[in-house]
Structure formats: structure tokens, C-alpha cells
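Asks: Have a look at the structure that comes next, please.
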2 protein chains.
Amino acid sequence: MGVSKTENFSKRQNEMAALLKALAHPARIAIVEYLLSVDTCICGDIVDHLPLAQPTVSQHLKELKAAGIIKGNVEGTAICYCIEEKALAKMQVYFTQSAEKIKSKNQSKCC
Amino acid sequence: MGVSKTENFSKRQNEMAALLKALAHPARIAIVEYLLSVDTCICGDIVDHLPLAQPTVSQHLKELKAAGIIKGNVEGTAICYCIEEKALAKMQVYFTQSAEKIKSKNQSKCC
DNA sequence: TTGATTTATTGCAATATTACGATAAATGAA
DNA sequence: TTCATTTATCGTAATATTGCAATAAATCAA
């Protein structure tokens, strides 16, 4: 990503950026939406639901897991991936607060 | 970013990924938070509030604008940047719906 | 017009991301 | 143990991102 100067920003800002970055790809959005759509989280068939090769999907899953957006349990030969509720909640709170902040503002000056 | 196969995902998935990607950098998070924190949107001093050189900030602003997260009006020598309310609302709705979906789920099977 | 101020663009080096073939590792079944 | 199945890792090519110095462009003031 080039030489991101992360040390110059707050921990909270870096964490939120990392969380959003983990979701900032259509394949990872699709994975999360698929996990949200299935009722149980036995998810050995994620690869079949995505238009990407298995190593690519595995890499995206790894990124989502590293960011704490999903979690995975070994389940025999398969692996069971599920949404990590807390991560989604964090983003929901962040955008809800931001949306509230903007509504309470007086923006009539120029825009 | 390598060769993202965007054509294989839905328009909605690509749009959400693009919106999140635009925010997925601490500098851009910081810019949006700064714009949220000032009451009027006369914002010629964004550069002074960020630990980055002026061309770098300008580039981040361009990205945010291209994604529709902020809008800018020429205001004499300065430029007035403001939050685009609709973009934030989109993300808020997306995560609120996702969070609701996960709460209504039966995840007891394995995670 | 000239100069000062502010923002945008260009060009480039350093690094990160994406995708996938090949292959490895892990597990259960026979 | 051997085989089949599933997921992870490695290696690599193609492309994208980040940051900044240098410079351009735009606007206002004098």
C-alpha cells in the first residue's frame, strides 16, 4: 500500500481503517454477506459460492479473520467460518455516530 | 491492488466495497472526522490538521470526493470541503442491517 | 500585470494487493 | 497405511496505493 504513516494517526483511527480495509473488496463483502445469509455456520462451501479460485478465497478468508471480522473453527476435514458479531457492531456504531453528528450540524455556510 | 475481478460481483457489492475502500485509510478517516468536528464547512485548513504533505492530502481528498464521501466548493482562493451526508447514511444502513441480520440468526451450531 | 496564497497535478520510488498454479498440510475413510 | 477431500501456503506476475518533491493552475490583492 505504499508507506502508510500509520504512526501519525490515533490508534482508534488506525483500527477503524484496518476494519474497513478488510471489507473493502467485493469478494470479502460477498463472503460476509454469504455468511450472513446462511442460518447455520457450517461453511465449507464458501469457495463454491464465489467466482474465484480456491487459493484466492482462502487468502480473503485469512484477511477477514486477521481483521477479526470472521472466526473459524476446524470441523473435521472442513472449516466452519462465522461472522464475528463484535466487529460488525463496531462499524455500525461508528457510522451511526457519524451520521448523527452530521445531522446535528449547521452546514448552511457553503455546501 | 492487482487484478480485481469486479465484473464477477454484483453492482451493489462493488459499490459498497468502493465506498469502504475510500475510507479504509487512517488519513481519510482523519479527514472525515475533522470535517465532522467543525461546525461550518469552510475547510481550507485540512492540510494543517494532518501529519502529511500538501500533495498527499490533496490526493486523499480527491479520492474521498471521487467516492462521493465528501464534496467541495471553490470559495475564492480556498476550497470548501464538506461531508456528503448520503454516503455516510449508506454505510450506516448497510451495517445496521447486517448487525440486525446477525442478531436474528441461530449460530449455536459451531461458533 | 505582478506577487502571494492555496490547491491540483505530474512523476517517481517504495511497498501492498490481487489472483492463481503448484504444492503442502490436515483430516477422515477404507 | 493409502487415498480422497478440504484448506493453507508458497511463489510469482500484474497492478494499485502511498507519499512527496517539483511544478502547475487558479484566484485575489495591490
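Asks: State the number of residues belonging to region B:70-90 that are modelled with pLDDT of 85 or more, in contact with a strand residue (DSSP E or B) (Cβ under 9 Å, 6 or more places away or on another chain) and farther than 16 Å from residue B:38 by Cβ.
Replies: Of the residues in that region, 1 qualify.
Asks: Taking the condition within 13 Å of DNA strand C (Cβ to nearest atom), over 26 Å from residue A:7 (Cα atoms) and either at pLDDT 90 or above or not β-branched (Val, Ile, Thr) (or both), does residue B:44 pass? If you could, list the steps in order and put the result at the bottom.
Replies: Values: within 13 Å of DNA strand C (Cβ to nearest atom): yes; over 26 Å from residue A:7 (Cα atoms): no; either at pLDDT 90 or above or not β-branched (Val, Ile, Thr) (or both): yes.
No, not satisfied.
Asks: Another one. Based on this model, can you work out whether residue A:16 counts as touching a Pro at 6+ places or on another chain (Cβ under 9 Å), away from DNA strand D (no atom under 11 Å from the Cβ), in contact (Cβ under 8 Å) with a residue 24 or more places away in the chain and under 27 Å from residue B:50 (Cα atoms)? Reasoning before the result, please.
Replies: Working: touching a Pro at 6+ places or on another chain (Cβ under 9 Å): yes; away from DNA strand D (no atom under 11 Å from the Cβ): yes; in contact (Cβ under 8 Å) with a residue 24 or more places away in the chain: yes; under 27 Å from residue B:50 (Cα atoms): yes.
When the stated conditions are applied, residue A:16 passes them.
Asks: Looking at region B:14-28, which of its residues are under 21 Å from residue A:11 (Cβ atoms) and buried (at least 22 other Cβ atoms within 10 Å of the Cβ)?
Replies: Kept after step one, since they are under 21 Å from residue A:11 (Cβ atoms), are these residues of region B:14-28: B:20, B:23-28.
Answer for region B:14-28, where residues must be under 21 Å from residue A:11 (Cβ atoms) and buried (at least 22 other Cβ atoms within 10 Å of the Cβ): B:20, B:23, B:25, B:26, B:27, B:28.
Asks: Quickly run through region B:71-84 and pick out the residues that are in contact (Cβ under 8 Å) with a residue 40 or more places away in the chain and either hydroxyl-bearing (Ser, Thr, Tyr) or touching a Phe, Trp or Tyr at 6+ places or on another chain (Cβ under 8 Å) (or both).
Replies: Going through region B:71-84, the residues in contact (Cβ under 8 Å) with a residue 40 or more places away in the chain turn out to be B:81-83.
B:81, the sole residue that qualifies.
Asks: Determine which single condition residue A:73 fails, assuming it passes every other condition in (1) of a type outside the set (Asp, Glu); (2) at the interface with another protein chain (Cβ under 7 Å from one of its Cβ atoms); (3) buried (at least 18 other Cβ atoms within 10 Å of the Cβ).
Replies: Status for residue A:73: all satisfied but (3).
Asks: From the list A:83, A:79, A:70, A:31, which one is under 18 Å from residue B:8 (Cα atoms) and touching a helix residue (DSSP H, G or I) at 6+ places or on another chain (Cβ under 9 Å)?
Replies: On the way: A:83 fails: under 18 Å from residue B:8 (Cα atoms); A:79 fails: under 18 Å from residue B:8 (Cα atoms); A:70 fails: under 18 Å from residue B:8 (Cα atoms).
Among A:83, A:79, A:70, A:31, only A:31 is under 18 Å from residue B:8 (Cα atoms) and touching a helix residue (DSSP H, G or I) at 6+ places or on another chain (Cβ under 9 Å).
Asks: If you take the residues in region B:1-41 that are at pLDDT below 90 and within 8 Å of another protein chain (Cβ to nearest Cβ), which one is nearest to residue A:103 (Cα to Cα)?
Replies: Going residue by residue through region B:1-41, those that are at pLDDT below 90 are B:1-8, B:38-41.
Right, trim to within 8 Å of another protein chain (Cβ to nearest Cβ) and you get B:4-6, B:8, B:39-41.
On the way: B:4: 35, B:5: 37, B:6: 33, B:8: 36, B:39: 11, B:40: 13, B:41: 14 Å.
For region B:1-41, the residue satisfying everything is B:39.
Asks: What are the residue pairs meeting all of these: first residue in region B:52-70, first residue farther than 16 Å from residue B:80 by Cα, second residue near DNA strand C (Cβ under 10 Å from one of its atoms) and not in a helix (DSSP H, G or I), Cβ atoms under 8 Å, and 6 or more apart or on different chains?
Replies: From region B:52-70, no pairs qualify.
The values are calculated or read from the model by the stated rules, or taken from the named source; none is laboratory data. Note that this is a predicted model, so its numbers are computed, not measured. All Cβ positions, glycine included, derive from the backbone under ideal geometry; neighbour counts span all protein chains shown.
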